[in-house]
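S.K.: So that we are looking at the same thing, I have put the structure below in structure tokens.
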């Protein structure tokens, strides 16, 4: 056989997959784009798609006008009391939210001291935002500020009693302040504690192992509501009369331990997913246990379980509303307390209050969710 | 699970109460702290709720303010602990609060078994009926054949059955699990009558589309005497709590109110003179100053003023005095004399 096939050779061998003529030349595709194209491709590509689209449009047409009317066009934006929100076709009573807004944020924190809450919030934001943006330098200093300096400053500012700041008892705390305090303490405590518990559960030392298992299973085996009840109803009975811990502190400890147990199991999942080779490689390099964990295992394990961790955070954030049953007013609690003010009782008060609370919760949870997706993509060093 | 824990908690409460001997010096510790720690509800319209400024107001709240004023001459010398229904007795027992003023019904078992001492009845509540005005019903006895909205699994439901059976009337119960559902059903006209405690009816009425189209019938078919309570075992504190309440009612009986109480120290009437401390040593006898009642009335007002300000006909709740009127006006509020 010769080195190159002649055309005649090809024709005679009759290989079925070899094309022996040109495709007829076609016109260049019309350049499609814009809204029309998008709609056709995304909404009406096939019969089922078209049906779904029509159904959804009908659904939106049915739900949106009344919703918008309620929330905006018929809503009552200002007023001094319930009179403003009474009437046949009144929509949302935003005047109620407006009147109680400061309470929803600070609870009953004394008026003249609210700058302390504001300042704490500003410090928190100032510390958190650079931490969350990967490009910003000085991460180590930033972390020291957030994890060591900030909690002390926040405690001094919020509770008072030092530097001439009057003490504000936690009975007066409430609203978003309490929600954030409970959620942030829960989040900040539960992550490191969860890591330690997860490592402890996989430890070869029997005491450490069983202590971790007992801790995790105990806190995970009891509903949060029961833990809160225990802390507020049972605990005082075991203490000598007159001795009582701060109610908020009890709730904080309960919530933090509860979240830690969940976090431990999420992280344990990540640890288990790391191939054995990684552990052995680290051992072979002569790394000690903590070095191995810090440099090799945890960075991989934690990255892998980011969705689980954020899931726990979001769950924790929403669970904070359970503190209402022990008489602490978190955001939802204080909104509901607002309903009982006879000066604002109207058919729309409750609905509006709940809508407002839902909106605030949504902003926080959606924010956390979005950030976790961003982090996932960034840290994706790929096992894929 | 929660239920089991709760009943265990209740058991522990009962045991704990038996074992615990309340310390006798509540007044001393209150004076040392500089404030009265008062347990209130986590929100009940007209009884304990917060106003726009975030301050606690209400009938239950004002009792605590009166108590604080009698001791400290300052109605603000009080800290409020909002308590849920399950927590309230433990909080009082464990010394977390000094007085419980949380729309709590005075019953025998609570008074004896739970180790509480009820101070008095600040509000005579009871199960009532609300109807649309267009039904033109003026008495609960005309409700035969009506459909009645009621929350399931409550004593309210049982009382309802008993009442209609006792009066040989038919009715058609429309039962719901949650309060919000009952409200919605009544608002939508799914039943003719709404029944629950009358103070509750007053606040539910405000949440209806047209509150003015509905009225609360005069009959109360159950007894719910609500009042503050203190720990057993501290007679002095009990006396103070009790007599502050009597002083508020006495003041109304004698026509003493927050406006004229200062002038009343010059009054000729010996009853008034004893009440405001111009005569006798009644304040010192309970460990306070002789003008204790004057301070309470000056800052908070007499019982009538407290009632009118928080739940009375002029407020959105529009609750009539009814049983809570003075005995001289056909009610049952009757104060023991300061003598």
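Each reported figure results from applying straightforward, stated rules to the coordinates on display, with no laboratory input. What you see is a predicted model, and the numbers here were worked out from it, not measured in a lab. Using ideal geometry, Cβ is built from the backbone for each residue, glycine included, and neighbour counts are taken over all protein chains shown.
S.K.: Viscosity 1.306 mPa s, temperature 10 °C: Stokes-Einstein D of the protein assembly as shown from its Kirkwood Cα radius, in µm² per second? All intermediate terms of the calculation are to be shown ahead of the outcome.
M.R.: Numbers: Rh = 30.3 Å.
Rounded to a whole number, D works out at 52 µm²/s.
S.K.: Determine the gain in length on full extension of the stretch residue A:114-residue A:24; use 0.36 nm per residue of separation and subtract their C-alpha separation, reporting nm with one decimal. Present the calculation step by step, with values, prior to reporting the outcome.
M.R.: On the way: separation 90, 0.36 × 90 = 32.40 nm, distance 7.85 nm.
This chain segment gains 24.6 nm when fully extended.
S.K.: Could you check what % of the DSSP bridge pairs in chain B are antiparallel, to the nearest 5?
M.R.: Values: 18 of 35 bridges.
Bridges in chain B are about 50 percent antiparallel.
S.K.: With each label point set 7 Å from Cα along the Cα-Cβ vector, what nm distance links residue A:379 and residue A:153?
M.R.: 2.6
S.K.: Full-extension gain between residue A:276 and residue A:359, please, as 0.36 nm times their residue separation minus the C-alpha to C-alpha distance. List each step's numbers first, then the result.
M.R.: Numbers: separation 83, 0.36 × 83 = 29.88 nm, distance 4.51 nm.
In short, 25.4 nm is gained.
S.K.: Can you give the mean number of other chain Cβ atoms that lie within 10 Å of the Cβ atoms in peptide A:228-238? Please list the in-between numbers first.
M.R.: Details: counts 0, 7, 3, 0, 8, 15, 7, 2, 9, 11, 3.
Mean shielding count: 6.
S.K.: Pick from A:354, A:104, A:313 the residue whose mean-square fluctuation is largest in a GNM of chain A, springs joining Cα atoms under 10 Å.
M.R.: A:354
S.K.: Among bridges DSSP assigns within the protein assembly as shown, what percent are antiparallel (round to 5)? Walk me through the numbers on the way to the answer.
M.R.: Details: 19 of 38 bridges.
Antiparallel: roughly 50 percent of the beta bridges in the protein assembly as shown.
S.K.: Continuing with this model, one more query. Could you list the residues of region B:293-311 with an amide nitrogen less than 20 Å from a label point located 7 Å from the Cα of residue B:269 in the Cα-to-C-beta direction?
M.R.: Answer for region B:293-311: B:293-308.
S.K.: In region A:343-360, whose amide N lies under 13 Å from the spot 7 Å out along Cα-to-Cβ of residue B:181? List them in ranges.
M.R.: Taking a point 7 Å out along Cα→Cβ of residue B:181, no residue of region A:343-360 has its backbone N under 13 Å.
S.K.: While we're on this one: May I ask for the distance between the Cα centers of region A:300-369 and region B:137-155, given as a whole number of Å?
M.R.: Measuring centre to centre over Cα atoms gives 37 Å.
S.K.: Then there is this: For chain B, with a Gaussian network of springs between Cα atoms less than 10 Å apart, report the residue from B:76, B:136, B:308 with the top mean-square fluctuation.
M.R.: B:136
S.K.: By per-residue mean of other Cβ atoms within 10 Å, what is the highest-first order of A:70-77, A:193-200? Display every interim value, and only then the final one.
M.R.: Details: A:70-77: 14.9, A:193-200: 20.9.
Highest mean packing first, the order is A:193-200, A:70-77.
S.K.: Using a 10 angstrom cutoff on alpha carbons, build the Gaussian network for chain B and name the most mobile of B:79, B:190, B:205.
M.R.: B:190
S.K.: Kindly work out what percent of the DSSP beta bridges joining two residues of region B:31-87 are antiparallel, to the nearest 5.
M.R.: On the way: 3 of 9 bridges.
Just about 35 percent of them are antiparallel.
S.K.: Let me ask something else. What FRET efficiency do you get for residue A:238 and residue B:85 if R0 is 25 Å and r is their Cβ-Cβ distance, rounded to the nearest 0.05?
M.R.: Details: r = 21 Å, r/R0 = 0.86.
Calculated transfer efficiency: 0.70.
S.K.: Here is a further query. Normalised by the residues of region B:104-207, what does the relative contact order come to in percent, with Cα pairs under 8 Å and at least six apart? Numbers along the way, then the final one.
M.R.: Working: 121 pairs, mean separation 36.1, N = 104.
Result for region B:104-207 is 35 percent.
S.K.: From the Cα gyration tensor of region A:34-73, with a ≥ b ≥ c the square roots of its eigenvalues, which class applies: rounded if a/c is under 1.5, or else prolate if a/b is larger than b/c, or else oblate? Please list the in-between numbers first.
M.R.: Values: a/c = 6.27, a/b = 2.06, b/c = 3.04.
Here region A:34-73 falls in the oblate category.
S.K.: Take the alpha carbon gyration tensor of chain A, find the square roots of its eigenvalues, order them as a ≥ b ≥ c, and report rounded if a/c is under 1.5; if not, report prolate when a/b exceeds b/c, else oblate.
M.R.: Working: a/c = 2.62, a/b = 1.34, b/c = 1.95.
Verdict is oblate for chain A.
S.K.: Give the calculated FRET efficiency between residue A:351 and residue B:113 to the nearest 0.05, with a Förster radius of 56 Å applied to their Cβ-Cβ distance. Let's see the in-between values first.
M.R.: Working: r = 41 Å, r/R0 = 0.74.
So the FRET efficiency works out to roughly 0.85.
S.K.: Report, to the nearest 10°, how far helix A:349-379 tilts away from the longest principal axis of the Cα atoms in chain A, using its own Cα long axis and a range of 0 to 90°.
M.R.: Between the helix axis and the principal axis of chain A, the angle is about 50 degrees.
S.K.: Using packing as a proxy for protection, rank A:115-123, A:266-274 so that the peptide with the highest average count of other Cβ atoms within 10 Å comes first. Don't skip to the end; give the middle numbers.
M.R.: Working: A:115-123: 16.0, A:266-274: 18.0.
The packing order, highest mean first, is A:266-274, A:115-123.
S.K.: While we're looking at this one, here's another question. Quick check on chain A: helices-only [θ] at 222 nm, where DSSP H runs of length 4 and up contribute -39,500 (n - 2.57) each and the sum goes over total residues. Nearest 500, please.
M.R.: Details: 17 runs with 237 residues, N = 384.
Mean residue ellipticity, 222 nm, calculated: -20000 deg cm²/dmol.
S.K.: For residue B:73 and residue B:28, what does the FRET efficiency come to when R0 = 25 Å and r is the distance between their Cβ atoms, rounded to the nearest 0.05? Before the final figure, lay out the partial values.
M.R.: Working: r = 18 Å, r/R0 = 0.71.
It comes to 0.90.
S.K.: Using the basic label-point model (7 angstrom from Cα toward the beta carbon), what is the residue A:128 to residue A:61 distance in nanometres?
M.R.: Distance between label points: 4.3 nm.
S.K.: Report the residues of region B:45-66 in range of a label on residue A:169: point 7 Å along Cα→C-beta, backbone N strictly under 14 Å from it.
M.R.: Of the residues in region B:45-66, B:56, B:64-65 have backbone N under 14 Å from the label point off residue A:169.
S.K.: If each residue's Cβ is checked for other Cβ atoms within 10 Å, how do A:365, B:191 rank with the fewest at the top?
M.R.: On the way: A:365 16, B:191 22.
Listed from fewest to most nearby Cβ atoms, that is A:365, B:191.
S.K.: How far apart, in nm, are the 7 Å Cα→Cβ label points at residue B:236 and residue A:68?
M.R.: 7.0
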